[in-house]
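Worksheet: one structure, shown below.
The values are calculated or read from the model by the stated rules, or taken from the named source; none is laboratory data. Quantities reported herein were computed from a predicted structural model and do not represent experimental measurements. Cβ atoms come from the backbone with ideal geometry, glycine included; neighbour counts cover every protein chain shown.
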């Protein structure tokens with residue numbers, strides 16, 4: 001692919017594709033399919049907005065988003081508006097991604113919410129780089145997805161055998177009826193899986209600085225992990241690499 | 001120039017799609033069919049299925065009120081046509097009417113339907129041009145339905161059995 005077409009693709013991805021994918025996550029994150037196959041759209045609860053705010057702070061701290069590069073006086077007003085809308089879409093997509101894996105009501109809603117809040121709060125003080133952050137988020141959402149859409153859904157499904165139904169009844173009894181798990185059609189789990197996959201895919205598209213190639217930050221991160229002698233050796237090798245074309249031109 | 005074009009396209013697409021999502025969450029459609037119907041209403045291109053409406057009217061005149069309402073619910077799925085909602089209310093009235101006793105549940109549903117007809121009519125007063133109906137205004141029908149569910153001493157009047165169904 002030529003440099004011009006790569007630049008055009010990058011521009012399209014940043015300003016059109018990325019916000020649309022994030023908004024799709026925001027649309028599907030609250031979608032539930034009832035047992036009678038009708039739709040229910042759940043707006044993000046307040047707690048998911050708090051989680052999304054914490055996650056945005058984590059993105060900024062972890063270097064996934066360099067805010068001063070996304071919205072700055074050096075860019076045109078249109079570019080700033082476009083980037084601000086993308087960040088807003090990222091915020092709502094994050095809130096709805098949490099909404100997608102959070103039980104809708106009852107004790108488990110608050111147990112999951114506390115688990116998310118505790119993890120996000122702890123992460124605020126941990127050293128992160130963008131790629132570790134995405135990996136960590138995959139694990140966080142994956143765990144919640146398995147617990148909600150596989151474990152709980154199978155325990156409370158109306159079509160399961162007596163063993164699992166008994167287990168569900170025991171859990172309800174042990175929790176004094178506070179679990180109160182909402183029952184949805186299996187399609188809800190598929191929608192949630194697709195939503196989370198789309199969300200992680202969108203995060204992979206996000207560049208720390210919108211006008212910069214993602215590999216630069218990755219290489220910089222790798223460089224920072226090297227020891228002092230390794231850094232010196234790398235700088236020397238890069239110096240030789242830079243001089244080679246000059247030497248080859250002189251000798252020819 | 002091309003950069004500004006892509007940025008402008010992105011802003012426009014994001015705002016449009018964001019508005020659509022907000023609208024979906026506000027209207028809460030239950031099926032894809034409802035999404036399409038609500039979108040037609042919002043765009044101002046919604047139309048009642050005239051053939052189904054006519055079938056409903058024929059059933060209404062043959063006193064098959066439930067079947068008539070069923071047809072009208074398909075003819076006007078968004079409940080957005082004042083004429084259909086007026087007839088739906090009339091069907092509830094006639095089905096609920098009894099010489100000795102009125103069915104309150106049907107009358108209440110009729111009141112809801114006639115309220116929709118009034119709310120949807122431009123001047124807030126709907127009049128139907130149908131010589132076969134004794135009550136041709138939505139206000140008359142609404143008053144009759146409300147009177148039917150009220151508990152008054154006149155309910156005990158034996159002459160009430162002579163009151164005709166309208």
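Brief remarks follow.
- Filter result (farther than 9 Å from residue A:100 by Cβ, more than 7 Å from chain B (Cβ to nearest Cβ) and out of contact with any strand residue (DSSP E or B) (no Cβ under 8 Å at 6 or more places or on another chain)) within the range A:18-36: A:18, A:21, A:22, A:24, A:35, A:36
- Filter pass, residue B:92 being out of contact with any helix residue (DSSP H, G or I) (no Cβ under 8 Å at 6 or more places or on another chain), at pLDDT 90 or above, part of a helix (DSSP H, G or I) and surrounded by 14 or more Cβ atoms within 10 Å (Cβ to Cβ): no
- Odd one out for residue A:87, checked against (1) more than 13 Å from chain B (Cβ to nearest Cβ); (2) free of Cβ contacts under 8 Å to residues at least 40 places away in the same chain; (3) under 20 Å from residue A:204 (Cα atoms): (1)
- Test: residue in the range A:112-124 that is outside any helix (DSSP H, G or I) and over 25 Å from residue A:27 (Cβ atoms): yes
- Total residues in the range B:23-45, condition facing chain A (nearest Cβ under 10 Å) and outside any loop (DSSP other than H, G, I, E, B): 7
- Of all residue pairs spaced 6 or more apart or on separate chains, those with beta-carbon atoms under 6 Å, a first member in the range A:73-84 that is at the interface with chain B (Cβ under 10 Å from one of its Cβ atoms) and a second member that is in a loop (DSSP other than H, G, I, E, B) and surrounded by 13 or more Cβ atoms within 10 Å (Cβ to Cβ) are A:80/A:71; A:83/A:71; A:83/A:210; A:84/A:71.
- Selection within the range B:46-68 - in contact with a helix residue (DSSP H, G or I) (Cβ under 6 Å, 6 or more places away or on another chain) and part of a loop (DSSP other than H, G, I, E, B): B:46, B:48, B:49
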